[in-house]
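The values are calculated or read from the model by the stated rules, or taken from the named source; none is laboratory data. The model shown is predicted, which means the values in this text are computed figures rather than measured ones. Neighbour counts are summed over all protein chains in view; Cβ atoms, including those assigned to glycine, are modelled from backbone coordinates with ideal geometry. Please note that ligands, DNA and RNA were not included when accessible areas were found on the heavy atoms of the full protein model with its side chains. Shrake-Rupley method; radii C 1.70, N 1.55, O 1.52, S 1.80 Å.
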Amino acid sequence: MLDNMRHGIARYDADRRLITANQLALRINGLADVPLASLVGQREDDIAQMMFQRGAISEAAWRGSAAADVTSYRRHTFTNPEGIVVSFTASPTPDGGYVVTFSDVTELVQAEAEAKSRAQVLQVMLDNMRHGICYYGADRRVIAANRLVAQLGGHGTEAAMLGRSLDELIDEQLATGAVPPAARVIAQQARAQDRSQPARHVRPTGDGRVLEVTSDPTPDGGFVVTSTDITRLVETEAVAQSRAATLEVMLNNIRHGIVLFNAEHRIVAVNPVVLGLLELPAEKLAPGMDVTAFAQCLAAQGEFGAGADAEAGAHAIRTRNRRQTNRIVRTRPNGRVLEVVSDPTPDGGFVLTYTDVTQDRRVRAELEAAREAAEAANQAKSRFLATMTHELRTPLNAVIGFSEALQTAPSATHAAEYLGSIHEAGRHLLGLVDDILDVTRAETTGFQVAENEVDLHPLCESTVRVMRAAAASGQVALGLDLPDDLPSLRADEMRLRQVLLNLLSNAVKFTPAGGHVTLSARQEADASLVLRVQDTGIGVSAEDMPRAFGLFTQLDSSLARRFPGSGLGLYLSRALAEAQGATLTLESAPGQGTTAVLRFPPERLVPNGPVPPTYAP
């Protein structure tokens with residue numbers, strides 16, 4: 001940012017030693033080839049001496065730098081070796097140091113010099129009657145003329161003009177070429193002009209100049225013709241118009257909307273971009289409109305809402321301090337986000353800059369959402385590690401405890417019971433490890449599933465049998481509801497069994513004593529096959545539903561959870577279901593139970609499947 005500024009900047013500390021500077025400051029001071037690192041830490045007067053030795057400043061400026069009071073504001077101008085006129089400004093800082101600003105004011109100085117020169121020329125012309133003046137009598141003959149009018153008109157000397165008529169002088173100009181062919185029509189009009197009335201016209205000369213010729217009547221019936229060489233003025237106007245056209249093109253093609261107000265807080269100019277951003281026709285923001293009408297126009301457009309909000313928005317625009325920079329961001333009714341900046345102008349007015357930051361804000365929102373998602377994922381992993389630690393320690397404690405008991409008394413009466421507990425804990429540990437491996441597969445290579453014909457009746461019956469013991473221990477009734485005409489599926493029987501066991505296990509775990517869990521299957525009207533695991537448990541709230549299938553997620557995440565588990569069951573169940581072409585969703589409400597819906601599309605069904613055996617629950 002410093003190296004791309006249009007001003008050179010250097011900062012010194014309280015000991016007058018250089019802290020830093022940008023490249024433009026070094027170049028302006030003739031030190032472009034000196035590494036900044038070698039200058040940092042040097043005193044200002046030492047750097048000034050180096051500049052003097054390089055011819056960048058005078059000895060007086062060097063000596064003055066050493067004696068300068070750094071606690072007060074300083075300013076002077078010098079010309080560097082490249083011929084650039086530099087404005088030097090030093091301002092003290094609160095820490096006792098100061099900041100030096102170097103500005104290239106060459107164009108400004110040149111412009112001031114040119115303006116001063118023009119003013120001097122105009123003053124000399126006024127003082128010495130530098131206009132060509134010719135006085136005609138009532139008979140249209142020359143009474144008096146000055147030297148300049150003779151030169152401008154191509155008549156030689158003023159004496160040669162005396163007594164001659166206007167028509168004779170025009171004939172002479174046409175004959176000598178003082179009036180070019182392109183201006184002959186103007187010459188003929190000058191012959192027929194009514195000299196009793198003021199008149200003005202502009203014509204070229206034979207040598208390429210442009211003259212402004214005015215005719216004013218005199219009380220004696222004559223008239224005075226004044227000729228002014230306006231060649232330079234015409235050229236300057238052409239340059240100014242060209243520059244104005246260039247500036248207008250730039251203003252109309254920048255990506256910011258601009259509204260310029262003068263010192264009376266009236267609109268001077270607007271560019272088409274702001275009209276597009278605010279969706280206003282050009283006549284709505286016409287030059288001359290004051291800031292109050294401007295605010296009312298925006299309020300009527302609905303820019304600030306309706307009612308009290310609209311009035312508050314218009315009041316803020318009317319009363320805002322325009323002598324300082326203001327920046328606001330607001331959203332238009334169409335959803336576009338605008339950044340509006342008000343900056344004061346040197347003439348006491350201000351300029352409003354409108355920038356469409358909709359995309360920028362959208363990107364920021366997406367980045368913020370991504371950051372929040374990453375934080376949520378990190379928290380979920382932390383919760384998972386805490387949960388998994390608990391889940392692993394429980395069977396490990398059993399393994400260690402019962403194995404130590406066997407070591408102490410190998411022939412104990414309860415040895416068989418101890419071994420059974422150790423085996424059960426080991427199977428539990430193996431299940432946890434298998435779940436973790438399945439998660440890894442789901443996140444990396446995906447599941448490898450077999451394409452077999454699966455008969456749902458024996459699969460569902462065996463799954464319910466496996467869960468009956470757990471259901472009985474929790475005093476939960478477990479039922480099975482299957483029609484006789486269920487078609488077979490193309491699926492992986494082992495993985496489908498794993499999904500059903502996970503769903504039944506969750507249903508039993510979250511159903512209080514006295515409740516019931518039912519596994520059912522139906523072929524829907526759209527020919528899809530739907531398996532449902534319905535319970536009368538605690539249910540899931542609508543706000544928690546999106547998190548239910550999250551990786552490492554448990555909806556009850558407190559340290560003293562009522563329901564144990566690793567939080568991988570639903571995630572793995574959905575991943576396994578999708579690997580077999582099915583979808584898994586939840587339907588639930590707090591206190592009203594939960595239904596897990598496993599849906600297989602029609603293309604996963606096997607037509608004319610075997611007739612299943614009758615099952616009595």
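Could you grab the pairs with beta carbons closer than 6 Å, sequence gap of 6+ or different chains, first residue in the range 135-156 and touching a residue at least 24 places away in the same chain (Cβ under 8 Å), second one surrounded by fewer than 16 Cβ atoms within 10 Å (Cβ to Cβ) and assigned to a helix (DSSP H, G or I)?
GLY154/THR176
For ALA513, only one of the following conditions fails: (1) outside any strand (DSSP E or B); (2) open to solvent by less than 50 Å² (accessible area, probe 1.4 Å). What is its number?
Going through the list (1) outside any strand (DSSP E or B); (2) open to solvent by less than 50 Å² (accessible area, probe 1.4 Å), ALA513 breaks only (2).
Pick out, from the range 26-68, the helices (runs of 4 or more DSSP H) lying fully within it that include 3 or more residues that are modelled with pLDDT of 85 or more.
Values: elements: 36-39, 44-53, 59-67.
Per the criteria, 36-39, 44-53.
Going through the range 579-594 one residue at a time, which ones are within 27 Å of ASP484 (Cβ to Cβ) and surrounded by fewer than 18 Cβ atoms within 10 Å (Cβ to Cβ)?
GLY581, THR583, THR585, GLU587
Hey, can you tell me all the residues within the range 493-510 that are open to solvent by less than 60 Å² (accessible area, probe 1.4 Å), under 17 Å from ALA575 (Cα atoms) and either in contact with a strand residue (DSSP E or B) (Cβ under 6 Å, 6 or more places away or on another chain) or of a type in the set (A, V, I, L, M) (or both)?
Selection gives LEU496, VAL499, LEU500, LEU501, LEU503, LEU504.
Within the range 77-95, does at least one residue satisfy the condition of being farther than 16 Å from VAL105 by Cβ, open to solvent by less than 50 Å² (accessible area, probe 1.4 Å) and polar (S, T, N, Q)?
Checking the range 77-95: at least one residue is farther than 16 Å from VAL105 by Cβ, open to solvent by less than 50 Å² (accessible area, probe 1.4 Å) and polar (S, T, N, Q).
Provide a single number: the residues in the range 134-163 that are assigned to a loop (DSSP other than H, G, I, E, B) and open to solvent by less than 60 Å² (accessible area, probe 1.4 Å).
Of the residues in the range 134-163, the ones assigned to a loop (DSSP other than H, G, I, E, B) are 137-140, 146, 154-158, 162-163.
Those left that are additionally open to solvent by less than 60 Å² (accessible area, probe 1.4 Å): 137, 146, 154-156, 163.
The total comes to 6.
Residue-by-condition table, conditions (1) modelled with pLDDT of 85 or more; (2) open to solvent by 30 Å² or more (accessible area, probe 1.4 Å); (3) charged (D, E, K, R); (4) more than 20 Å from ARG130 (Cα to Cα):
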residue: THR176; (1), (2), (3), (4): yes, yes, no, yes
residue: PRO181; (1), (2), (3), (4): no, yes, no, yes
residue: THR205; (1), (2), (3), (4): yes, no, no, no
residue: PRO217; (1), (2), (3), (4): yes, yes, no, yes
residue: GLY222; (1), (2), (3), (4): yes, no, no, yes
residue: ARG243; (1), (2), (3), (4): yes, yes, yes, yes
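Taking the range 1-48 as the region of interest, how many residues are closer than 22 Å to VAL85 by Cβ, more than 36 Å from the chain's Cα centre (by Cα) and surrounded by fewer than 16 Cβ atoms within 10 Å (Cβ to Cβ)?
2
Against the condition open to solvent by less than 50 Å² (accessible area, probe 1.4 Å), out of contact with any Ser or Thr (no Cβ under 6 Å at 6 or more places or on another chain) and closer than 18 Å to ALA21 by Cα, how does ALA56 come out, does it pass? Step through it out loud before you land on a result.
On the way: open to solvent by less than 50 Å² (accessible area, probe 1.4 Å): yes; out of contact with any Ser or Thr (no Cβ under 6 Å at 6 or more places or on another chain): yes; closer than 18 Å to ALA21 by Cα: yes.
Taking the combined requirement at face value, the residue satisfies it.
Have a look at LEU385, LEU367, LEU419 and point out the one that is among the hydrophobic types (A, V, I, L, M, F, W, C), open to solvent by 90 Å² or more (accessible area, probe 1.4 Å) and modelled with pLDDT under 75. Don't jump to the end; show me each part of the working.
Details: LEU367 fails: modelled with pLDDT under 75; LEU419 fails: modelled with pLDDT under 75.
It is LEU385.
Tell me, please, whether a residue that is outside any helix (DSSP H, G or I), open to solvent by 30 Å² or more (accessible area, probe 1.4 Å) and either touching an Asp or Glu at 6+ places or on another chain (Cβ under 7 Å) or modelled with pLDDT under 90 (or both) can be found in the range 335-345.
yes
For the range 465-492, name all the residues that are modelled with pLDDT of 90 or more and over 20 Å from PRO602 (Cβ atoms).
GLN475, VAL476, ALA477, LEU478, GLY479, LEU480, ASP481
Considering only residues that are part of a strand (DSSP E or B) and without any contact (Cβ under 8 Å) to a residue 40 or more places away in the chain, which ones fall in the range 256-309? Don't jump to the end; show me each part of the working.
Of all residues in the range 256-309, those part of a strand (DSSP E or B) come to 257-261, 266-270, 290.
ARG266, ILE267, ALA269, VAL270, ASP290 - these are the residues of the range 256-309 that are part of a strand (DSSP E or B) and without any contact (Cβ under 8 Å) to a residue 40 or more places away in the chain.
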